[in-house]
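Enquirer: I'd like to ask some things about the structure below.
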């Protein structure tokens, strides 16, 4: 046996890594050429990018006709996207047929909404409760009277004239604010020990989740008027809102249920041992924790709802998608090879910006809360 | 670098365990490893003879686990040589496979395959790597399950077993490949105190059979009883190594003294 | 609310209204009463409304003549068909587009999900961009885009775009050749069925022998070697033939190709098998790259394209070559080539012997339109395409989550046991990942089926369009039509959850 005793006299200082482990070349070696197969994939990826990026660049920017361009330029051979069409029809895309001199009213609604929503979303801003109450209760009332008019000498503007992004935003904001509490109630009902209430909630949730939204909207727009007493009509807008809200609340309920199930029994017991009533327990202890758990799921439901608002087009509502499609089909003065494509791409970008920011926000909140849990 | 030799007679408890004078199991020469820019292992030199039982100790983050993970190439080293059973580890997949067939590894978190029964966990590799007939593989598996004292659990799933039982299954799983060297990566750290003993007993009986073992562990009692050599690592380098008696009673290096005073109170 | 009250000595008596059981009953009775009242109110209103509009109710209309056209139907349909037939046409059209969408979306989604996890920076970024773009844009908008902006902007019939294999695309949709098998072709199909059974049985037997004895049966190994050589010969011959025909035209090409292919096949049963694979993959990669690059970058000089293609193909060939060197000897490999030869070879042999013919009716441009072939309407193409693109982005996320759910320690444990990469995936990683992937994957399939109802907006005659749209408008039976439509989706959903419950109960990992 060899001598095994050994004591290190001088510590080895950390050396910089050989070139193979740091720097740009090492990065490329690790991320692009780790194995020969990786190398092949990288080459194929680059070839694909070289193939797809130049035409896309040319379409969107290179050969595109800018916002101040003319239709003649759009009709030229090799012209790219016709942004001039978008900029000239922008008003219609945002407000629909809303009377042009009255468009300051939706503008105020937009501004108010942004002013209330942004501080609500930034965690550091104080007065969350006041802010939320204003946003959830005062804002809808103010907005409704501002938009519909008929009071304080404001010119009445019927909902048929509302359109474009305005309608998309109204439906999604109202849908989100109404479906959220409804979803919570359904989720609590599903957890309930009372068989009648539990069965009702399960039946509603499962039925709605089984069928496509479009059939719920059909039902809301065709059957809702039949259900009402004779002579009573429901605004088309309201029918769509009811459909969207009921549909989303069922999905929301399932998300909230996931959160409720993640709360350990001890929390319920602790609440009960303090002598809190059922609703106090839910409001002060269970729901705040449960909802925090499922923020990503809630935001995903919001994103789905936002995308789903486009379906109201099918039951004859005039949302952003409808506005774009109408102009694509009817704006003969802007007709060119790329007009329709540009219109849809514009709508896609608007939807994308909203949905993508929501999903990023949910990731941000998730990280924040996660670090909160881990100390 | 200086060599301090010290000759102490091997205690009787270890006298039965044979250590080969000529056959080298593992040889590590001037090995360095970096994670990106972080120099995790520095100038590692280590020669393990067949039948040696080595315990590697050191504070967390000292590179102990990384070192033994390099020995079956779960981690790649950048400089120096690692030679296992005469095969030098390089990027060559054939050599890596060769080495992994001969080297068993036991993980801190067991890493049993949760979708397979205990018996299937044990026979998977013998059947698909060694091409051993199923009946024979199962017989071997039962043999090792009896050796780790849980033959009655053969048809259960890992999720149904306690942590200590799972770790014993994990040891049996490695043994089924009939390795010549066993690596243990903190095998008892994730266990409840009352389960540590049952796993250590299995490891001790393995040592008595003359298995070459490298254990990263904080079980100093195990080191005293079984090891023929204790290696102390800190900051990615081997600071001190010695026979357990000498190591514990007479540590030489400042860091070793500090470490021992912290863990032995 | 209360102060400390020490005077209570008597046993606490629960007051009637504070007893939780009684309270619960009261709540439930109230809710049930309200609900019954609400429903009665609705039914009353509806009855009054219907009476006022002189409308009747009931499902008798199902046996009346529909009298409208359906543009696309798998079942026989005419204006004289009944409403219940329209209902069936709607269901089959929904199922058809859902079925095709599910197959394509699964393939695309798995590819994207794996690509997103790739350690290759470019590949994973490309997949991420695809997923983040597509899933944040409403499906309806995407359908409009494909239908109105892309398909409607296709050239008119006379200027149809001709794709390979006699496929044409124009404003009226996609025209593909229609297979027209003759009587004898049935024998080919029967042989194919038998061959699949035989091959399956053979593989099961081979695998079982492998686990029981440690090696594959000797006969199977020998047959596998022969099949390997045969397949190598066929692939090499075809590839070389194309190479000589397309890129290096020479005389006597078939003879030279045959000689080279025989050489390669012979080489493939020796220990130089890896070399064969390397050469073959070079030829094939070069062919594909040269044609693809040539058409993608038509402005590049062709010599440059050829050199570039050859260079990349050389790298690919090297990858395949080193990969092939790592392959275990044929005795220790599953005889895949043998199974392929059985499944494809046997029917081909029968086809040749029986003189059966499988002609393809090619779509031909007549004066005003295409005649013959299978004409897929643009609504169908846009819907299937849109559903595939959209759902694939969600499936990709499901797949990624499933693979990431498998602990890294599992791979390490498998590695430390000496399992090779293929076995590691097959025996350890995939079985675990699939348990996580399958339930959400199924709900994506269900979503796709529900989303196919958006076809109504671009005029594809699926269930909602045909029944909750046209039939409802013609008959005015709103409640019946919508109820039947919803019932169908409800049944789809219930069936799926039944299957999923059974599956989950079967595969769920047993825990303490």
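Enquirer: Looking only at residues in the range A:321-338 that are more than 9 Å from chain C (Cβ to nearest Cβ) and within 17 Å of residue A:83 (Cβ to Cβ), which one is surrounded by the fewest Cβ atoms within 10 Å (Cβ to Cβ)?
Expert: Our first condition is that a residue be more than 9 Å from chain C (Cβ to nearest Cβ); within the range A:321-338, this holds for A:322-323, A:326-327, A:330-336.
Next cut, within 17 Å of residue A:83 (Cβ to Cβ) only: A:323, A:327, A:331, A:333-336.
Numbers: A:323: 26, A:327: 20, A:331: 16, A:333: 8, A:334: 21, A:335: 16, A:336: 19.
The selected residue is A:333.
Enquirer: Evaluate the range B:164-181: report whether one residue or more is within 11 Å of chain C (Cβ to nearest Cβ) and not in a helix (DSSP H, G or I).
Expert: Yes.
Enquirer: So for the range A:45-57 (the condition being within 8 Å of another protein chain (Cβ to nearest Cβ), surrounded by 17 or more Cβ atoms within 10 Å (Cβ to Cβ), modelled with pLDDT of 80 or more and out of contact with any strand residue (DSSP E or B) (no Cβ under 6 Å at 6 or more places or on another chain)), does at least one residue qualify?
Expert: Scanning the range A:45-57 turns up at least one residue that is within 8 Å of another protein chain (Cβ to nearest Cβ), surrounded by 17 or more Cβ atoms within 10 Å (Cβ to Cβ), modelled with pLDDT of 80 or more and out of contact with any strand residue (DSSP E or B) (no Cβ under 6 Å at 6 or more places or on another chain).
Enquirer: Looking only at the range B:139-159, filter to residues that are at the interface with chain C (Cβ under 10 Å from one of its Cβ atoms) and in contact with a helix residue (DSSP H, G or I) (Cβ under 8 Å, 6 or more places away or on another chain); which one of those is nearest to residue B:47 (Cα to Cα)? Write out each step before concluding.
Expert: Step one: of the range B:139-159, the residues at the interface with chain C (Cβ under 10 Å from one of its Cβ atoms) are B:156-159.
Retained after the next criterion (residues that are in contact with a helix residue (DSSP H, G or I) (Cβ under 8 Å, 6 or more places away or on another chain)): B:156-158.
On the way: B:156: 40, B:157: 39, B:158: 36 Å.
If we take residues in the range B:139-159 being at the interface with chain C (Cβ under 10 Å from one of its Cβ atoms) and in contact with a helix residue (DSSP H, G or I) (Cβ under 8 Å, 6 or more places away or on another chain), then B:158 is nearest to residue B:47 (Cα to Cα).
Enquirer: Now a separate question. Looking at B:225, B:166 in this structure, which one is modelled with pLDDT of 90 or more and either surrounded by fewer than 23 Cβ atoms within 10 Å (Cβ to Cβ) or more than 15 Å from the chain's Cα centre (by Cα) (or both)?
Expert: Exactly one of B:225, B:166 is modelled with pLDDT of 90 or more and either surrounded by fewer than 23 Cβ atoms within 10 Å (Cβ to Cβ) or more than 15 Å from the chain's Cα centre (by Cα) (or both), namely B:166.
Enquirer: Hey, any hits in the range C:478-489 for a residue that's surrounded by 20 or more Cβ atoms within 10 Å (Cβ to Cβ), at pLDDT below 90 and part of a loop (DSSP other than H, G, I, E, B)?
Expert: Checked against the condition, which is being surrounded by 20 or more Cβ atoms within 10 Å (Cβ to Cβ), at pLDDT below 90 and part of a loop (DSSP other than H, G, I, E, B), the range C:478-489 yields no hits at all.
Enquirer: Which one of these does residue C:407 not meet: (1) modelled with pLDDT under 95; (2) buried (at least 21 other Cβ atoms within 10 Å of the Cβ)?
Expert: (2)
Enquirer: Considering only the range C:392-405, I want to know if a residue exists there that is assigned to a helix (DSSP H, G or I), on the phi < 0 side of the Ramachandran plot and facing chain B (nearest Cβ under 10 Å). Can you show your working first?
Expert: The first filter runs over the range C:392-405 and keeps only residues assigned to a helix (DSSP H, G or I), leaving C:392-405.
Narrowing further to those that are on the phi < 0 side of the Ramachandran plot: C:392-405.
Within this subset, residues satisfying the condition of being facing chain B (nearest Cβ under 10 Å) are none.
No, the range C:392-405 has no match at all.
Enquirer: For the list (1) surrounded by fewer than 19 Cβ atoms within 10 Å (Cβ to Cβ); (2) farther than 13 Å from residue C:212 by Cα; (3) over 22 Å from the mean Cα position of the chain (by Cα), I need the number of the one condition that residue B:153 fails.
Expert: Only one criterion in (1) surrounded by fewer than 19 Cβ atoms within 10 Å (Cβ to Cβ); (2) farther than 13 Å from residue C:212 by Cα; (3) over 22 Å from the mean Cα position of the chain (by Cα) is unmet by residue B:153, namely (1).
Enquirer: Do you know which residues across the range B:129-144 are surrounded by fewer than 23 Cβ atoms within 10 Å (Cβ to Cβ) and under 24 Å from the mean Cα position of the chain (by Cα)?
Expert: Of everything in the range B:129-144, those that are surrounded by fewer than 23 Cβ atoms within 10 Å (Cβ to Cβ) and under 24 Å from the mean Cα position of the chain (by Cα) turn out to be B:129, B:130, B:140, B:142, B:143, B:144.
Enquirer: Quick one: would you say residue A:292 is away from chain C (no Cβ under 13 Å), surrounded by fewer than 20 Cβ atoms within 10 Å (Cβ to Cβ), within 22 Å of the chain's Cα centre (by Cα) and modelled with pLDDT under 85?
Expert: Judged against the criteria, residue A:292 is a match.
Enquirer: Can you name every residue in the range A:201-236 that is over 21 Å from residue C:468 (Cβ atoms), in contact with a helix residue (DSSP H, G or I) (Cβ under 9 Å, 6 or more places away or on another chain) and more than 7 Å from chain C (Cβ to nearest Cβ)?
Expert: A:201, A:202, A:205, A:232, A:233, A:235
Enquirer: If I go through the range B:105-138 residue by residue, how many of them are at the interface with chain C (Cβ under 7 Å from one of its Cβ atoms) and closer than 30 Å to residue B:219 by Cβ?
Expert: Residues meeting the conditions: 8.
Enquirer: Next up: Among the residues of the range B:46-75, what is the count of those that are exposed (fewer than 15 other Cβ atoms within 10 Å of the Cβ) and either at the interface with chain A (Cβ under 10 Å from one of its Cβ atoms) or modelled with pLDDT of 90 or more (or both)?
Expert: Number of matching residues: 1.
Enquirer: Right, here's the next one. So in the range C:78-96, with the set limited to residues that are part of a helix (DSSP H, G or I) and surrounded by fewer than 22 Cβ atoms within 10 Å (Cβ to Cβ), which one is farthest from the other protein chains (Cβ to nearest Cβ)?
Expert: C:85
Enquirer: Also, I was wondering about something else. Mind listing whichever residues of the range C:140-158 are outside any helix (DSSP H, G or I) and in contact with a strand residue (DSSP E or B) (Cβ under 8 Å, 6 or more places away or on another chain)?
Expert: C:154, C:155, C:156
Enquirer: If we keep just the residues of the range C:45-58 that are part of a loop (DSSP other than H, G, I, E, B) and exposed (fewer than 13 other Cβ atoms within 10 Å of the Cβ), which is farthest from the other protein chains (Cβ to nearest Cβ)?
Expert: So the residue we want is C:58.
Enquirer: While we're here: Let me confirm something: among C:335, C:329, which residue is within 28 Å of residue C:224 (Cα to Cα), at pLDDT below 85 and within 14 Å of chain B (Cβ to nearest Cβ)?
Expert: Values: C:335 fails: within 14 Å of chain B (Cβ to nearest Cβ).
The unique qualifying residue is C:329.
Enquirer: Evaluate the range B:173-184: report whether one residue or more is modelled with pLDDT under 95 and surrounded by fewer than 20 Cβ atoms within 10 Å (Cβ to Cβ).
Expert: Checking the range B:173-184: at least one residue is modelled with pLDDT under 95 and surrounded by fewer than 20 Cβ atoms within 10 Å (Cβ to Cβ).
Enquirer: Checking residue C:451 against (1) at the interface with chain A (Cβ under 9 Å from one of its Cβ atoms); (2) assigned to a loop (DSSP other than H, G, I, E, B), which test does it fail?
Expert: (2)
Enquirer: Answer with yes or no whether residue B:203 is in a strand (DSSP E or B), closer than 26 Å to residue B:101 by Cα and away from chain A (no Cβ under 14 Å).
Expert: Criteria not met by residue B:203.
Enquirer: Of the conditions (1) over 20 Å from residue B:203 (Cα atoms); (2) surrounded by fewer than 23 Cβ atoms within 10 Å (Cβ to Cβ); (3) in contact with a strand residue (DSSP E or B) (Cβ under 7 Å, 6 or more places away or on another chain), residue B:102 satisfies every one except a single condition; which number is it?
Expert: Going through the list (1) over 20 Å from residue B:203 (Cα atoms); (2) surrounded by fewer than 23 Cβ atoms within 10 Å (Cβ to Cβ); (3) in contact with a strand residue (DSSP E or B) (Cβ under 7 Å, 6 or more places away or on another chain), residue B:102 breaks only (1).
The values are calculated or read from the model by the stated rules, or taken from the named source; none is laboratory data. In this text the structure is predicted, and so the values were computed from the model without any measurement. Backbone-built Cβ (ideal geometry, glycine too); neighbour counts: all protein chains shown.
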